[in-house]
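Undergrad: Sharing a structure here in structure tokens format.
The values are calculated or read from the model by the stated rules, or taken from the named source; none is laboratory data. For clarity, every value in this text was computed on a predicted model and none was experimentally measured. Note that each Cβ is placed from the backbone with ideal geometry, even for glycine, and that neighbours are counted across all protein chains shown. To get the accessible areas, we keep the full protein, side chains included, count just its heavy atoms, and leave off ligands, DNA and RNA. Shrake-Rupley method; radii C 1.70, N 1.55, O 1.52, S 1.80 Å.
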Amino acid sequence: MVTITESAASQIKEMMAAEEEENLYLRVGVQGGGCSGLSYGMGFDSEKKDNDTSFDQHGIGVIVDPDSAKILQGVTIDYKQNMMGGGFTIDNPNAIASCGCGSSFKTATNAGTPEEC
């Protein structure tokens, strides 16, 4: 479903350690919003819901809600460092358009809820 690169996994593990909480999952999802209609969300969650898809990558428990799972099929999450700092990047083969800043997108089957930038 979702691929997390080693670089992203390393950064996620550092962030999890800073949380000082046991048994955290990485929750990856999609919600409506942004210039193009859909926006990614990533955060830590201590609870897995019954209908969540869950899997393990690089020792990180990942959970995805059922609505997001369809949109995130084939996504790669990476972490890139440059002179301006670092940040996560998401490569989504399902996205047919994205906004200029790259933080929102739409798919052929889901236009989301576009907002003004």
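Undergrad: For Lys48, work out the one condition from (1) among the charged types (D, E, K, R); (2) exposed (fewer than 14 other Cβ atoms within 10 Å of the Cβ); (3) farther than 14 Å from Thr76 by Cα it doesn't fulfil.
TA: Going through the list (1) among the charged types (D, E, K, R); (2) exposed (fewer than 14 other Cβ atoms within 10 Å of the Cβ); (3) farther than 14 Å from Thr76 by Cα, Lys48 breaks only (2).
Undergrad: Then there is this: Is it true that some residue in region 74-94 is of a type in the set (Val, Ile, Thr) and over 19 Å from Val2 (Cβ atoms)?
TA: To start, the set of residues in region 74-94 that are of a type in the set (Val, Ile, Thr) comprises 75-77, 89-90.
From what is left, the residues that are over 19 Å from Val2 (Cβ atoms) are none.
Checking region 74-94: not a single residue is of a type in the set (Val, Ile, Thr) and over 19 Å from Val2 (Cβ atoms).
Undergrad: Let me ask something else. Identify, by number, the condition in (1) in a loop (DSSP other than H, G, I, E, B); (2) in contact (Cβ under 8 Å) with a residue 24 or more places away in the chain that Gly61 doesn't meet.
TA: With (1) in a loop (DSSP other than H, G, I, E, B); (2) in contact (Cβ under 8 Å) with a residue 24 or more places away in the chain applied to Gly61, the lone miss is (1).
Undergrad: Scan region 51-61 and give yes if some residue there is at pLDDT below 95, of a type outside the set (Val, Ile, Thr), closer than 24 Å to Asn110 by Cα and open to solvent by 80 Å² or more (accessible area, probe 1.4 Å), otherwise no.
TA: no
Undergrad: OK, next. Which residue out of Asp91, Asp45, Asp65, Asp52 is acidic (Asp, Glu) and within 15 Å of Ser103 (Cα to Cα)?
TA: Working: Asp45 fails: within 15 Å of Ser103 (Cα to Cα); Asp65 fails: within 15 Å of Ser103 (Cα to Cα); Asp52 fails: within 15 Å of Ser103 (Cα to Cα).
Matching residue, one of Asp91, Asp45, Asp65, Asp52: Asp91.
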